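The values are calculated or read from the model by the stated rules, or taken from the named source; none is laboratory data. Keep in mind that this is a model prediction, so the values were computed, not measured. Cβ placement follows ideal geometry from the backbone for every residue including glycine, while neighbour counts extend to all protein chains displayed.
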Amino acid sequence: MKKQTLKLFTISLIGFVIIISVLLYFFSERFTRSWLPIDNGFGETVTLSPDDKSIVFPFYQSGDGALYKANVDGSNVNQLTYPRQEESHVHPRYSSKGDKILFLSQEKGENTLTRSLYIMNSDGSELTRLSKENELITDAIFSQDDQSIYYLAAKDYQEGNEMEEGPTNIDLYSISITGDKKERLTHDESLKKRSLSLTGDGGKLGYVEWSKEEEKGLHSSYIVMDTKTMEKDYVNPDFNTNIIYSGKLSPTGDLIAFSAASENPREKSQFIYEMYTMSTSGKEVQPLTSFRTLITEPVFFRDKERVLFIQDQSWLRGKPNYKLWAVDIDGEKIQSITVQMPQFSGTIL
């Protein structure tokens, strides 16, 4: 009798575990929101020094992100910034000479979100705020001569679905590194702009621009802008996608690395974002990844035909879990980069 009772209990327990596992998979795959805040771990952006030797990236602890510097192979990690509680330092960018770093300080209130522009030396010293209070800056990059900064600023913050939620009515501005000579460069107040990049000679500025139209719905294009004339070319890849999530111009300006949407083979109502390269005419599209997740942000090396990128390993399955990789621009020699955080025993990214 005791053996029969124990057997029934064991079978019931196994069945309960199986049911719970199936339910967790079902809900995480189909009903969990994609855009959730990062609690702990690597952030969604990274910057590479001009000599290709070091990276700077945000790392989160209990929801707040600080900036860290490491060798490009993930070794020798050092903390650069020390944000206050409820503050995160995001979107770092090296200057052309590598002696300065800019970043955005993000503060989320009950019904507000602000992002302020800061600049500092590459060792974290001489921290200076450039933007005014209550601005919502979404991205920034140094000019080629390091004397000014291009940045994107939003007028509003929009609630909505996963792709539309966030800062909106965004335009491109420039400001000197001393905080004066501010100039508005675009006046279209597009739904979204993101992923600023600049060619090595400073002649071309690239970014992704999002729009929403009655016929096309939500869609995006890659913009290549002449920094002297402000004329824009719209580049769309020569394959079936309406959404370019992010993209970067190569230092020579003849190639674009970008993340674009395609249908998830496992669930047609969902989208995955792989990384590709294309020419500035939108031709010669080449896939670089096949993770079936989200690639957030590519970064070109200066002296190698190689790209850094970040993958969200938990895409469509819960809160972000970012991982750093590198790959040649022909898709060969893909490499996972392990970053050892010294203050967290056993924590490896």
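Mind checking whether some residue in the range 260-268 is modelled with pLDDT of 90 or more and either closer than 20 Å to residue 45 by Cβ or part of a loop (DSSP other than H, G, I, E, B) (or both)? Taking every residue of the range 260-268 in turn, at least one turns out to be modelled with pLDDT of 90 or more and either closer than 20 Å to residue 45 by Cβ or part of a loop (DSSP other than H, G, I, E, B) (or both).
The sole residue among 263, 297, 305, 267 that is of a type in the set (Asp, Glu) and under 23 Å from residue 214 (Cα atoms) is 263. The one condition from (1) modelled with pLDDT under 95; (2) in the same structural domain as residue 223 (by TED's automatic domain parsing); (3) surrounded by 18 or more Cβ atoms within 10 Å (Cβ to Cβ) that residue 304 does not meet is (3). Residues in the range 187-202 that are in contact with a Lys or Arg (Cβ under 9 Å, 6 or more places away or on another chain) and more than 20 Å from residue 258 (Cβ to Cβ): 189 alone. Across the range 273-298, the qualifying residues are those that are hydrophobic (A, V, I, L, M, F, W, C) and buried (at least 21 other Cβ atoms within 10 Å of the Cβ), and the one among them that is nearest to residue 236 (Cα to Cα) is 278.
The residues of the range 140-196 that are within 18 Å of the chain's Cα centre (by Cα) and among the basic types (Lys, Arg), listed by number, are 192, 193, 194. Quick check, is residue 316 in contact (Cβ under 8 Å) with a residue 40 or more places away in the chain, more than 22 Å from residue 200 (Cβ to Cβ) and not in a strand (DSSP E or B)? Spelling it out, residue 316 is indeed in contact (Cβ under 8 Å) with a residue 40 or more places away in the chain, more than 22 Å from residue 200 (Cβ to Cβ) and not in a strand (DSSP E or B). The test for being assigned by TED's automatic domain parsing to the domain that holds residue 91, of a type outside the set (Val, Ile, Thr) and assigned to a strand (DSSP E or B) does not hold for residue 281.
Being under 22 Å from residue 319 (Cβ atoms) and either surrounded by 14 or more Cβ atoms within 10 Å (Cβ to Cβ) or at pLDDT below 95 (or both) holds for only one residue in 90, 77, 56, 72, and it is 90.
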